[in-house]
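The values are calculated or read from the model by the stated rules, or taken from the named source; none is laboratory data. Predicted, not measured: the structure shown is a model, and the values here were computed from it. For neighbour counting, all protein chains shown are included, and Cβ atoms are generated from backbone atoms with ideal geometry for every residue, glycine included.
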Amino acid sequence: MIIRAVIFDIYGTLLEVGPPPPDADASWYHLFHDLLQTVPRLSRLEFSVASSRVIARHHQTARALGIPWPEIHWPTVVTEVVPELARLPRSAQEEFIFRQIQTGHTTRLTSETAALLRWLKGRGCRLGIASNAQAYTVRELSEMLAGHGLGMDLFDPGLCFWSFEHGFSKPDPHVFQILTARLVAHSLSPEQVLMVGDRLDNDIEPARAFGWQTWQAGGTGQGNWADLQRLIEQPQT
């Protein structure tokens, strides 16, 4: 069966994720100075510990309501840990959260990945996303794409699942049920769809359960983009 749509995971698949930048602590200080006109009450480590406690509580509440793979709303978590954030206008809150995330990790979209996206789009493949993500993820991906002359218009909004918009996350089967329904609405059958992700549990296995084709990306011996292109190019029945 010809592959007509490719759905990508983001972190570990489209975007490589690395450790915090070398100037993370200085950036943490400047973040508070620039946007809140104060010094941080908490160190980066203390913030991480406090936010993890808030996340655990929110997850416990959601699971008690029958949501096995809940997704938190990161701005709510950050505002609970840094209540001063609530006094800022929405745009400044979003900037604070984006810069805060950048102190915790680095991301990179390789030239090979950018070339693959161009190639797929040129073949007429519909592109989508299935990502455990927050709103800042959209900006991270957008900025990484822009660095290669690409934009978010590569992806069909109707074929994108962002967990922060729904309150639950992969590997919940509802993620793939929702996307399968949208694909069918675009006259795409499950066997014409390829899920590309780095994790068996979150990406590959749940997609296979819905009849999608799959490709595991990242990690030693798990394939590369050239192999994926050859797979898509080969005659299929």
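Summed over the range 148-162, the residues that are closer than 23 Å to R99 by Cβ and in a strand (DSSP E or B) give a count of 1. Figure legend. Inter-residue proximity from the range 190-211: first residues more than 20 Å from T113 (Cα to Cα), second residues part of a helix (DSSP H, G or I) and β-branched (V, I, T), beta-carbon distance below 7 Å, spacing 6+ or different chains. Indicated pairs: P190/T180; F210/T180.
Each residue in the range 25-79 was checked for being more than 23 Å from D172 (Cα to Cα) and outside any helix (DSSP H, G or I), and 7 pass.
Being over 14 Å from the mean Cα position of the chain (by Cα), surrounded by 14 or more Cβ atoms within 10 Å (Cβ to Cβ), assigned by TED's automatic domain parsing to the domain that holds I10 and in a helix (DSSP H, G or I) is the requirement here; does L194 meet it? No; evaluated as a whole, the condition is false for this residue. The set of residues in the range 128-177 being more than 21 Å from P190 (Cα to Cα) and among the charged types (D, E, K, R) consists of R139, E140, E143, D153, E165. Of all residues in the range 13-49, those being at positive phi and not assigned by TED's automatic domain parsing to the domain that holds I97 number 0. Applying the selection to the range 93-147, what residues are of a type in the set (K, R) and assigned to a strand (DSSP E or B)? Correct list: R108, R126.
Yes or no: the range 51-60 includes at least one residue that is of a type in the set (V, I, T), under 30 Å from W212 (Cα atoms) and surrounded by 13 or more Cβ atoms within 10 Å (Cβ to Cβ). Checked the range 51-60: no residue is of a type in the set (V, I, T), under 30 Å from W212 (Cα atoms) and surrounded by 13 or more Cβ atoms within 10 Å (Cβ to Cβ).
Checked against (1) surrounded by 13 or more Cβ atoms within 10 Å (Cβ to Cβ); (2) without any contact (Cβ under 8 Å) to a residue 60 or more places away in the chain; (3) outside the structural domain of E205 (by TED's automatic domain parsing), V138 passes all but condition (3).
Residue check: R208 meets all listed conditions (1) within 15 Å of L14 (Cβ to Cβ); (2) assigned to a helix (DSSP H, G or I) but one, namely (1). Considering only residues that are within 16 Å of T107 (Cα to Cα), assigned to a loop (DSSP other than H, G, I, E, B) and in contact (Cβ under 8 Å) with a residue 24 or more places away in the chain, which ones fall in the range 1-24? Passing the criteria: D9, I10, G12, T13, L14, P19, P20, P21. In the range 63-111, of all residues being among the basic types (K, R) and loosely packed, with under 15 Cβ neighbours inside 10 Å, the one that is nearest to P20 (Cα to Cα) corresponds to R108.
Hey, can you tell me all the residues within the range 157-181 that are buried (at least 16 other Cβ atoms within 10 Å of the Cβ) and charged (D, E, K, R)? Correct list: K170, D172.
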